[in-house]
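Right, one structure below, let's go through it.
The values are calculated or read from the model by the stated rules, or taken from the named source; none is laboratory data. All of these numbers come straight from a predicted model, not from anything done at the bench. FYI the Cβ positions are ideal-geometry reconstructions off the backbone, even for glycines, and counts take in every protein chain you see.
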Amino acid sequence: MEPTKTTDFAGLAAELRISVARLSRRLRRQAGSELSLTQFSTLATLGKHGEMTPRALAEHEHVKPPSMTRTVASLESAGLVARRAHPTDGRQVVLALTDSGRSLLVEHRRLKEAWLAQRLAELTPGERAALEQAAPVLDKLSRS
């Protein structure tokens, strides 16, 4: 689809970038966490994909292993992540969420979703319908 008078891709890109960034910041504030975005993303990855090696976690998060080592160390000292021996390779360890880490993830999601549900309730039915149609498209963009 080529840009037309009614389709300004650069303008739409700028509007989406600003709106999505603002919404993301608002959602992060709702959880009131002391965790950095990197720390929370690391917890969320372990929560979604299960235990993994530090190297696999670094690759998944698109960071260098030394950066992931620091992130994991801080999460481990907070009691949110635990290490255990790799089941087949004694030279490696695997990382997993602790019960505290899992509980923190669940509570953060609950707080964010409650805030967002309240904001959605304040919209008109037409606005909610537009967002319902846009959600799969935004998801597609986020995965590209």
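Structural remarks
- Filter result for Val94 (on the phi < 0 side of the Ramachandran plot and under 17 Å from the mean Cα position of the chain (by Cα)): no
- Among the residues of region 61-120, those that are touching a Ser or Thr at 6+ places or on another chain (Cβ under 7 Å) and under 20 Å from Ser24 (Cβ atoms) comprise Glu61, Thr71, His108.
- Out of Arg128, Arg110, Arg91, Arg84, sole residue that is surrounded by fewer than 11 Cβ atoms within 10 Å (Cβ to Cβ), out of contact with any Pro (no Cβ under 6 Å at 6 or more places or on another chain), not small (Gly, Ala, Ser) and not in a loop (DSSP other than H, G, I, E, B): Arg84
- Qualifying residue in region 4-24 (condition: in contact with a helix residue (DSSP H, G or I) (Cβ under 7 Å, 6 or more places away or on another chain) and under 30 Å from Leu131 (Cβ atoms)): no
- Number of the condition not met by Leu27 [criteria: (1) in a helix (DSSP H, G or I); (2) of a type outside the set (D, E, K, R); (3) farther than 30 Å from Arg119 by Cβ]: (3)
- In a residue-by-residue description of region 50-59, the property of being under 20 Å from Val106 (Cα atoms), of a type in the set (Gly, Ala, Ser), loosely packed, with under 12 Cβ neighbours inside 10 Å and out of contact with any His (no Cβ under 8 Å at 6 or more places or on another chain) applies to at least one position.
- Among the candidates Ala73, Ala114, the residue that is small (Gly, Ala, Ser), closer than 13 Å to Thr42 by Cα and more than 16 Å from the chain's Cα centre (by Cα) is uniquely Ala73.
- Checking Gly47 against (1) more than 22 Å from Arg143 (Cα to Cα); (2) under 19 Å from the mean Cα position of the chain (by Cα); (3) in a helix (DSSP H, G or I); (4) among the small types (Gly, Ala, Ser), the condition it does not meet: (1)
- Flag for Gly101 being surrounded by 10 or more Cβ atoms within 10 Å (Cβ to Cβ), modelled with pLDDT of 95 or more, touching a helix residue (DSSP H, G or I) at 6+ places or on another chain (Cβ under 8 Å) and in a loop (DSSP other than H, G, I, E, B): no
- Within region 36-49, restricting attention to residues that are in contact with a Leu (Cβ under 8 Å, 6 or more places away or on another chain) and touching a residue at least 60 places away in the same chain (Cβ under 8 Å), the residue that is surrounded by the fewest Cβ atoms within 10 Å (Cβ to Cβ) is Ala44.
- Selection of region 60-75 for residues being outside any helix (DSSP H, G or I) and surrounded by 16 or more Cβ atoms within 10 Å (Cβ to Cβ) yields only Val63.
- Test result for Thr38, outside any helix (DSSP H, G or I) and of a type in the set (Ser, Thr, Tyr): no
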